[in-house]
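Encoded as structure tokens, the structure appears first; notes follow it.
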Amino acid sequence: MSHLWSQARPDAQWVPVGPLAHFPDVGAEDGNLIQPRNCEADAAKSLPGCRILLIPKTDPSQAAEIAIPPGAATSPSEGQDLKDQVVVFRYRDKVHALDHQCPHNAYPLSNGTPFDIEDFGVILSAGLTCPKHGWSFDLFTGQSDRGLYKLPVWEVQLRDVDGNPWSGSLRGNPPDGQTVWVRRRQRIG
């Protein structure tokens, strides 16, 4: 082993979240992330707009999905310890993964509402508003609109049916079989 390269940390492991077809594309006008929406895979089936996973930092192989009851209007994690939880969702044809806990007030962000960050009608980015106090976070950088709070943003990877990273567009009809994988963003240095 080279002394210049450290061994991969356990928290650097990729964790499978599920088929892309089970992530409805959430729109800004669709309400909070947890609310059920029609599924691409089966138009008659309704799925929550997000998935919540508990991924222990010390051992990501012990990851488990937190069940969202059918028709839930609020997060099943409300009032619980949100440490090591990640919320994963698809917004405007991009899959996002963020810490589930609002860094401002420890509230579950699956109750939050996504929105477009615009300037004079030009979409610059996307954000998520925490309903507890109305704070918002950029989905790409994690930066808060107030204070110095920063929401940890996770890396997302789509993989094809053979498990290879896939980088095509999600607009229109992407090929069948993509799965969503996440991992904590790696720190450099």
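Below are the figures for this structure:
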| item | result |
| --- | --- |
| Breaking point among (1) at pLDDT 85 or above; (2) over 15 Å from the mean Cα position of the chain (by Cα); (3) farther than 28 Å from K45 by Cβ, for D138 | (2) |
| Which listed residue, of L124, L98, is touching a helix residue (DSSP H, G or I) at 6+ places or on another chain (Cβ under 8 Å) and either assigned to a loop (DSSP other than H, G, I, E, B) or under 25 Å from L170 (Cβ atoms) (or both) | L98 |
| Filter result (modelled with pLDDT of 75 or more and either part of a loop (DSSP other than H, G, I, E, B) or open to solvent by 40 Å² or more (accessible area, probe 1.4 Å) (or both)) within the range 172-185 | D176, G177, Q178, T179, W181, R183, R184, R185 |
| Qualifying residue in the range 69-86 (condition: at pLDDT below 95 and either closer than 19 Å to L20 by Cβ or not in a loop (DSSP other than H, G, I, E, B) (or both)) | no |
| Residues of the range 65-79 classified as of a type outside the set (A, V, I, L, M), over 20 Å from R184 (Cβ atoms) and in contact (Cβ under 8 Å) with a residue 24 or more places away in the chain, total | 6 |
| Residue check, A63 within 19 Å of L139 (Cα to Cα), open to solvent by less than 50 Å² (accessible area, probe 1.4 Å) and among the small types (G, A, S) | no |
| Filter result for L109 (touching an Asp or Glu at 6+ places or on another chain (Cβ under 9 Å), farther than 20 Å from Q157 by Cβ and at pLDDT 95 or above) | yes |
| Selected residue (only one of D138, D162, D119 is free of Cβ contacts under 8 Å to residues at least 24 places away in the same chain, among the acidic types (D, E) and surrounded by 15 or more Cβ atoms within 10 Å (Cβ to Cβ)) | D138 |
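The values are calculated or read from the model by the stated rules, or taken from the named source; none is laboratory data. If you're wondering where the values come from, they're calculated on a predicted model, not measured in any experiment. When we count neighbours, we look across all protein chains shown, and the Cβ atoms used for this are built from the backbone with ideal geometry, even at glycine. These area figures cover heavy atoms from the full protein model, side chains too; ligands, DNA and RNA do not enter into them. Shrake-Rupley method; radii C 1.70, N 1.55, O 1.52, S 1.80 Å.
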